[in-house]
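The values are calculated or read from the model by the stated rules, or taken from the named source; none is laboratory data. Since we're looking at a predicted model, the values are computed, not measured. Methodologically, a virtual Cβ is constructed for each residue, glycine included, from the backbone with ideal geometry; neighbour enumeration extends over all protein chains shown.
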Amino acid sequence: MIRLLKIELNKMLYSKVFWIIIGLYVLLIVPIAFQLEDMIGGFSMSTNTNGQEASQPSMGSMLVSGNSIYKFPAVWHYISYLASWFKLLLAIILIINVTNEYSYKTLRQNIIDGMSKWEVIWAKELVIVLLSLFTFLIVIILSLILGINSDDVSIFNGFSIVFAYLFSLLFYLNFAYFLCSWLKRSGFVIGILFLYTLVIENLISFKLPESISQYLPMNLIDSMVPNPVSRLLGQDVVYDFSITYIGVSIVYIALFIALNHWMLKKGHAGK
């Protein structure tokens, strides 16, 4: 496992694309996190002046009244949700890492040189874990820096949402890895991943009963880290990190890994 980790780290750390995307990720998420409350309040007040009933409190007014998004435990949820918006950037790092091996035939050469098909897969799973842990730490650091503990609430109250985000990201990146193994071209993978997330699954969900559509990949991810903004209007926001959702996610991940191995076994690496 250490040998596989060293191989993948060498590939990433000497890649300019990796550092560019990681830098872009940090440069986007950090300033937005610091300005998130102002952005939510500004958008809300703009909406209110364009026709919202005066008797209904806006999110902006709720923020002004002291219901800050940076208070514990809410800050864990807001920063986790913000990070979820940038998961495509992390997926692009993985996509380039995987598809380059198909483009430059290094994957086939690794197998010829004696690397087993399972070692190929576990090497990429290590990349997925590293990327997920990186953004997991970013969420924790930003939440601790921005968090306000004015109500004497334990700072670890609500921390489970961060684990829900970590798990949802592992799921998302494994889905991206499966697309890489199937399509093998970075442009195709990014396009399909983007379309599936925004369009295709929504169309499928429209045709299915909710009892089934809630277990589709992106719906599952959204349920684990839902939009927290309605908290500002006093509405309950429930994130589902239940045993059922964890179990279904693990089944999906296992299925993606099994399909990746099946494609390697069928000689997909050499096509």
Practice task
Would you be able to say whether some residue in the stretch 220-237 is over 30 Å from residue 67 (Cβ atoms) and assigned to a helix (DSSP H, G or I)?
Solution key: no
Exercise for the section: With respect to residue 127, determine if the residue is touching a helix residue (DSSP H, G or I) at 6+ places or on another chain (Cβ under 7 Å), closer than 17 Å to residue 261 by Cα, modelled with pLDDT of 95 or more and assigned to a helix (DSSP H, G or I). Expected result: yes
Exercise for the section: Residues being among the β-branched types (Val, Ile, Thr) and surrounded by fewer than 20 Cβ atoms within 10 Å (Cβ to Cβ): count how many of those fall in the stretch 122-145. Expected result: 5
Completion exercise
Scanning the stretch 63-85 for residues that are farther than 20 Å from residue 130 by Cα and part of a loop (DSSP other than H, G, I, E, B), the one modelled with the lowest pLDDT turns out to be 65
Practice task
Identify the single condition in (1) touching a strand residue (DSSP E or B) at 6+ places or on another chain (Cβ under 8 Å); (2) surrounded by 18 or more Cβ atoms within 10 Å (Cβ to Cβ); (3) not aromatic (Phe, Trp, Tyr) that residue 148 does not satisfy, given that it satisfies every other one.
Solution key: (2)
Handout entry: Residue count, the stretch 86-110 (criterion: among the charged types (D, E, K, R), farther than 24 Å from residue 28 by Cβ and in a helix (DSSP H, G or I))
Key = 2
Handout entry: Residues that are part of a loop (DSSP other than H, G, I, E, B) and at pLDDT 90 or above, drawn from the stretch 136-159
Key = 147, 159
Handout entry: In the stretch 155-173, the residues that are of a type in the set (Val, Ile, Thr) and crowded, with 24+ Cβ neighbours inside 10 Å
Key = 161
Handout entry: Top-ranked residue in the stretch 242-262 [being touching a Leu at 6+ places or on another chain (Cβ under 8 Å) and among the aromatic types (Phe, Trp, Tyr); ranked as modelled with the highest pLDDT]
Key = 252
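Table: residues versus (1) at pLDDT 85 or above; (2) over 18 Å from the mean Cα position of the chain (by Cα); (3) not β-branched (Val, Ile, Thr).
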position: 221; (1), (2), (3): yes, no, no
position: 240; (1), (2), (3): no, no, yes
position: 264; (1), (2), (3): yes, yes, yes
position: 267; (1), (2), (3): no, yes, yes
Problem - Residue satisfying condition, being over 18 Å from residue 252 (Cβ atoms) and either out of contact with any His (no Cβ under 7 Å at 6 or more places or on another chain) or in contact (Cβ under 8 Å) with a residue 40 or more places away in the chain (or both), within set 192, 148, 121 - result: 148
Practice task
For residues that are outside any helix (DSSP H, G or I) and either in contact with a strand residue (DSSP E or B) (Cβ under 6 Å, 6 or more places away or on another chain) or farther than 22 Å from residue 101 by Cα (or both), tally how many sit in the stretch 165-213.
Solution key: 2
